[in-house]
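Each remark here refers to the structure printed beneath this line.
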Amino acid sequence: MLGTALDVFLEKGFEQATVEEIASRTAMSKRTVYARYADKSALFIAAVERAVERFTISREVVEAVVTDDLGESLVAIARLRVENLASASSIKLQRILITQSYRFPDLYPAAIERFVGPVAQVLVDLFERHRAELDIAQPRRAATAFLGLTVGGPSRAIVSGLADGVTDEVDETIRFAVRLFLDGVRRR
């Protein structure tokens with residue numbers, strides 16, 4: 001039911017989606033839906049939270065792209081994150097999170113933390129592992145800054161429709177941002 005609910009919310013938006021249509025598409029009655037979820041808002045939150053779980057990259061997947069080469073590891077992590085954000089379903093999910101953030105102010109930041117958490121932790125561990133060559137006093141803050149620099153621009157371009165997925169241009173932007181980041185944090 002949550003998958004179908006999300007599909008309806010993504011297709012129609014929160015305002016136009018109805019519990020009646022969601023119930024109909026799942027061959028349930030509205031009464032059955034309301035027995036599980038108090039109202040449309042509760043159903044929306046549950047559907048979005050489930051989708052966020054589905055689109056969150058696990059720590060193991062992120063760790064699998066890490067190599068001994070710090071620069072290439074950072075490029076691979078940023079690329080993995082941008083690829084994850086670039087799927088059609090993920091783009092729709094991000095758009096509905098953004099458009100409904102006024103109605104559900106806690107949902108968007110919680111979703112972002114969930115999306116970013118495993119990636120950020122791998123980055124923190126990577127910065128710690130390379131502390132001899134990096135001057136990073138606050139690894140978690142550095143991880144957030146790294147993701148903003150390397151993933152922020154490309155993902156905004158993809159979500160807004162200005163970029164069509166992970167292209168050579170997006171890849172070069174990621175590589176440029178990684179070089180810029182490393183130039184800023186390497187010990188001198």
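The values are calculated or read from the model by the stated rules, or taken from the named source; none is laboratory data. Only a predicted model underlies this, so the values are computations on that prediction, with no experimental measurement involved. So basically every Cβ, Gly included, is an ideal-geometry build from the backbone, and we count neighbours across all protein chains shown. These accessible areas exclude ligands, DNA and RNA; they are computed on the full protein's heavy atoms, side chains included. Shrake-Rupley method; radii C 1.70, N 1.55, O 1.52, S 1.80 Å.
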Return the carbon/sulfur percentage of the accessible area of the chain, one whole number, probe 1.4 Å, all protein chains in place. 51 percent
What is the local net charge at residue 146, summed over the other residues whose Cβ is closer than 11 Å to its Cβ (Lys, Arg +1; Asp, Glu -1)? +3
At 222 nm, what helix-only mean residue ellipticity would the chain give, in deg cm²/dmol to the nearest 500, using -39500 (n - 2.57) for each DSSP H run of four or more? -23000 deg cm²/dmol
At most 15 other Cβ within 10 Å, DSSP loop - GluC sites (Glu not before Pro), the range 81-173: 133
Which chymotrypsin sites (Phe, Trp or Tyr not before Pro) does the range 84-188 hold that lie in a coil by DSSP with at most 15 other beta carbons within 10 Å? 102
Surface accessible to a 1.4 Å probe, per residue, for the residues of the chain, Å²: 53 Å²
Rounded, prolate or oblate (a/c below 1.5 giving rounded, otherwise prolate when a/b exceeds b/c) for the range 77-188 by Cα gyration tensor: oblate
Which of rounded, prolate or oblate describes the chain when judged by the alpha-carbon gyration tensor and an a/c cut-off of 1.5? prolate
Distance between the range 81-133 and the range 52-76 - C-alpha centres, whole angstrom: 13 Å
At a probe radius of 1.4 Å, what is the per-residue accessible area of residue 98, in Å² to the nearest 10? 90 Å²
Compute the signed sum of charges (Lys and Arg +1, Asp and Glu -1) over the other residues within less than 14 Å, Cβ to Cβ, of residue 97. +3
